[in-house]
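What follows draws every value from the coordinates through simple rules; no lab data is involved. Just so it is clear, the model here is predicted, and its values are computed rather than measured. A quick note on method: Cβ atoms are made from the backbone with ideal geometry, for glycine too, and the neighbour counts reach across all protein chains shown.
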Amino acid sequence: MFVGRLPNGMFPLGIVFVLHQHSGSYSAAGAALAALMLGITCSAPFRGRAVDRWGQSHTLIPLVVVQATTMTAFLLAVWAKPSTLIVIPLVAMVGATSSTLGGSMRQIWPTLVRSARDLPAAYALQALLEDLISVAGPLIASALLLVAPPMAILVFAEVAALTGTTVFATATASRAATGRPARGSSLLGALSTPGMRTLVLTLLAAGMVVGMLYIAVPAFTQGPDGESAGTLLAVMAASSMASGLLYGGRTWTSDADRRYLWLAGLFAAAAAPLALATTVTQLGVLLAFVGLAYAPRMISAYLLLDDLAPADSLAEAYTWLVSASAAGTALGSAIAGPITQHAGPQWALAGTGAVALTSYALVAARRETLKHRDPRP
């Protein structure tokens, strides 16, 4: 899964560098990057649904083959003449055929662990690997630029996608996940249960908090301490990863819905005082507390899928949660930009607290939906 999903951390940089090298335009590169993310986000639930319905081997390998073909066409088009009318649709198709290995991995974890008590640790491991992808991808891309042209980034990434996906989809556990045809399922798919809608809405809000911090923190540290923005965000990420491993490695006796409520409250309590920070050190301490609650909350959401997702829709349900978090990050960044520009970073930080508190209020108000038990055949 890790190898097959490395392109998620490499494609954005690779596409920007390739298009800028051949067209000299950052506008074209930005438009292509937006097309890539739009393709990934809009297609994710449908790719997850395909895995649930037709099985992993029958879905993952055709997807990655189409993506490799499309990436080849994109590179040829850029090499010949980087026309926006040709390049943008090809990049969108590359995103639309992206890996669904995350949802597929989530689908087969119950068959790989010794008992259900080990699932939190398994989900924590997957969450850690997902975070490492966002770090390893750009590092590999930067290393390749030292010895090869930008196109090498996209070639390497696509080879990783083909290799990782093929090995994954031909493994015994993946081949055993053959899927089932839908029988009278709702058009909403995984979102047909109230509990799933609660998770998606609240994780959208959690993603918004992170997206707003990506804008507010660099603006807050402008001046003598401007270089500390990356350090502060790294502190939050490291705190999240460490708490995720500790949370996942422990055996819990309380219900997952109760833990999700408490963690949403802790997340809101950590985000609420961010606007009160007046120094970089104060903000760093507060961000560490935000990170402490973030990963365990995500792991609890993954655990709740077993009860809340409709039968045979685990892959699709997982992609909805990931897409909601990613969409929230993009939305939060878009909102925080104008706020920071016109009112200052303190107001953007105040906005993160408001969004986190709203998310907690939503979880509290809809807690009963998280207790729903979907009957399984």
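The figures follow:
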{"quantity": "Compactness of the chain as Cα Rg over 2.2 N^0.38 Å, two decimals", "calculated": "0.99"}
{"quantity": "For the range 2-176, size of Cβ-based charge dipole, Lys and Arg +1, Asp and Glu -1, in debye", "calculated": "340 debye"}
{"quantity": "Dimensions in Å of the range 189-371 - Rg and Dmax from alpha carbons", "calculated": "16.4, 55"}
{"quantity": "Footprinting exposure proxy for ARG175, ARG367 (fewest neighbouring C-beta atoms within 10 Å first)", "calculated": "ARG175, ARG367"}
{"quantity": "Unit charges on C-beta of K, R, D, E only; dipole of the chain, Debye", "calculated": "820 debye"}
{"quantity": "Helical segments meeting 27 Å axial Cα length and Kyte-Doolittle -0.5 threshold in the chain (DSSP H)", "calculated": "26-54, 56-80, 119-145, 151-170, 194-220, 228-248, 280-308, 314-343, 345-365"}
{"quantity": "Neighbour cut-off at most 16 other Cβ (10 Å), DSSP loop, trypsin sites (Lys or Arg not before Pro), the range 230-273", "calculated": "ARG250"}
{"quantity": "Whether the range 9-95 is rounded, prolate or oblate, judged on the alpha carbon gyration tensor where a/c under 1.5 counts as rounded", "calculated": "prolate"}
{"quantity": "Likely footprinting exposure, VAL18, VAL235, VAL51, fewest C-beta neighbours within 10 Å first", "calculated": "VAL235, VAL18, VAL51"}
{"quantity": "Which of THR352, THR279, THR100, THR69 has the fewest Cβ neighbours within 10 Å, and the rest in rising order", "calculated": "THR279, THR69, THR352, THR100"}
{"quantity": "Point-to-point label distance, ALA269-VAL167, nm (Cα→Cβ direction, 7 Å offset)", "calculated": "4.3 nm"}
{"quantity": "Relative contact order computed over the chain (Cα-Cα under 8 Å; 6+ residues apart), in percent", "calculated": "26 percent"}
{"quantity": "Mean projected area in nm² (Cα convex hull; one quarter of hull surface) for the range 2-176", "calculated": "9.9 nm²"}
{"quantity": "For the range 298-377 and the range 1-72, distance of Cα centres in Å", "calculated": "23 Å"}
